[in-house]
Amino acid sequence: MSHSSLRRLSGLGVAVLAAFLALSAARAHAIDGNTNSGAPHAVFVIGDREYRSEESMPMLARILKNRYGFEVTLCFSVTEGGVIDP
């Protein structure tokens, strides 16, 4: 295995680990869905300080759900008290 291939694999491993840690610290919210419908499933991991994605991503998720039939899960960053923490 070449050095560049190892570098790509390690970068992918870091990305997967970061996504796992973000999901484990987030609270998920499914939008009115049956999780076994066979429809495409979009997952939004939301938690930034700059772009107010906790407001805009639920709107986009609702559009995907209503117009295109997606199953949608929203994962918010929250405080220990359960309040959304942008």
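The values are calculated or read from the model by the stated rules, or taken from the named source; none is laboratory data. Note that the structure is a prediction, hence the values are computed from the model and not measured. No Cβ is skipped: glycine too gets one built from the backbone with ideal geometry, and neighbour counts run over all protein chains shown. When the accessible area is computed, the model is the full protein with side chains, heavy atoms only, and any ligands, DNA or RNA have been set aside. Shrake-Rupley method; radii C 1.70, N 1.55, O 1.52, S 1.80 Å.
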**Message:** I'd like the full set of residues that are free of Cβ contacts under 8 Å to residues at least 24 places away in the same chain and touching a Phe, Trp or Tyr at 6+ places or on another chain (Cβ under 8 Å), limited to the stretch 59-86.
**Reply:** 60, 64
**Message:** Can you find a residue that is acidic (Asp, Glu), open to solvent by less than 70 Å² (accessible area, probe 1.4 Å) and modelled with pLDDT of 85 or more anywhere in the stretch 29-49?
**Reply:** no
**Checking residue 76 against (1) at pLDDT 55 or above; (2) open to solvent by 90 Å² or more (accessible area, probe 1.4 Å); (3) in contact with a Gly (Cβ under 8 Å, 6 or more places away or on another chain), the condition it does not meet** = (2)
